[in-house]
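Structure, as structure tokens:
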Amino acid sequence: MRKLFHFFLAGVVAYALASLLFSCSEEADCSMTDNRGMIVCNVSQINPENNTAMKDTLDSLTVTAAGTDSIVANRLAQVTVFSLPLRYAVDSTELVFHYVKKVTDTVVIRHTNKPYFISMDCGYQMQQSITSIRYTRHNIDSIYIANPEANINGTKNLEIFY
């Protein structure tokens, strides 16, 4: 009887240890999925002497989401590069660029939204790709799509010429 009790106790301890060891999983590293993909915009102008692109600077820029009270970028000063988000729920993002003296430009970015599964712990992330752009020409001369894929690594997506 005593041997049976020791055997039973050893089995319970072994079961508890096995359960503890095999039930612990590594903590998921979702650091690469916590960041939202953005489009990076460079401010440029065309050099009239040789017709090439050169860096430019905007004195002031505020960007709002059209039709809402959301401010995407507030009072940026001496702007040469800035980042903008794209909307997840629809296939276009309409932004209003506010410059000094109440001058504005509206930029409509058409894009695709493709969710892809990362893992059970991290969920999914949205792949977004720019398909076309429409814009007013109050201050903007033209917009060139350098890389259509929104990203988290700072790669230039749009070159905006003034």
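Annotations
- Modelled label positions at C122 and N151, each set 7 Å beyond Cα in the direction of Cβ, lie 1.7 nm from each other.
- Local charge for Q45 was computed over the other residues whose Cβ lies under 9 Å away, with Lys and Arg +1 and Asp and Glu -1, and equals -1.
- Computed lengthening from A53 to D29, 0.36 nm per intervening residue step minus Cα-Cα distance: 4.6 nm
- Inter-probe distance in nm under a simple model that places probes 7 Å from Cα toward Cβ, at R87 and F161: 2.9 nm
- Between amide H atoms placed 1.01 Å from N, distances below 5 Å from V72 occur with V63, T64, A65, all of them 5 or more places distant or on a separate chain.
- Taking only the C-alpha atoms of region 38-161, the Rg (one decimal) and the largest Cα-Cα distance, Dmax (whole number), read 15.4, 56 Å.
- Most to least packed among 58-66, 74-82 [average Cβ atoms within 10 Å]: 58-66, 74-82
- Seen from Y162, the other residues with C-beta closer than 9 Å to its C-beta sum to a net charge of -2, counting Lys and Arg as +1 and Asp and Glu as -1.
- Selected from N147, Q125, I71, residue furthest toward positive end of dipole (region 38-161; charges at beta carbon): I71
- Computed 3J(HN,Hα) for region 101-115, one whole-Hz value per residue from the Karplus formula 6.51 cos²θ - 1.76 cosθ + 1.60 where θ = phi - 60°, is 6, 6, 7, 9, 10, 10, 10, 10, 9, 8, 8, 9, 10, 10, x, glycine and proline marked x.
- Computed label-point distance, nm, for sites R36 and N74 using a 7 Å Cα→Cβ extension: 1.5 nm
- Amide H within-cut-off set for S92, under 5 Å, with H built and near neighbours excluded: H111
Coordinate-derived values only; no laboratory data. Quick caveat: nothing in here was measured; it's all calculated off a predicted structure. Every residue, glycine as well, gets a Cβ built from its backbone with ideal geometry; the counts of neighbours run over all protein chains shown.
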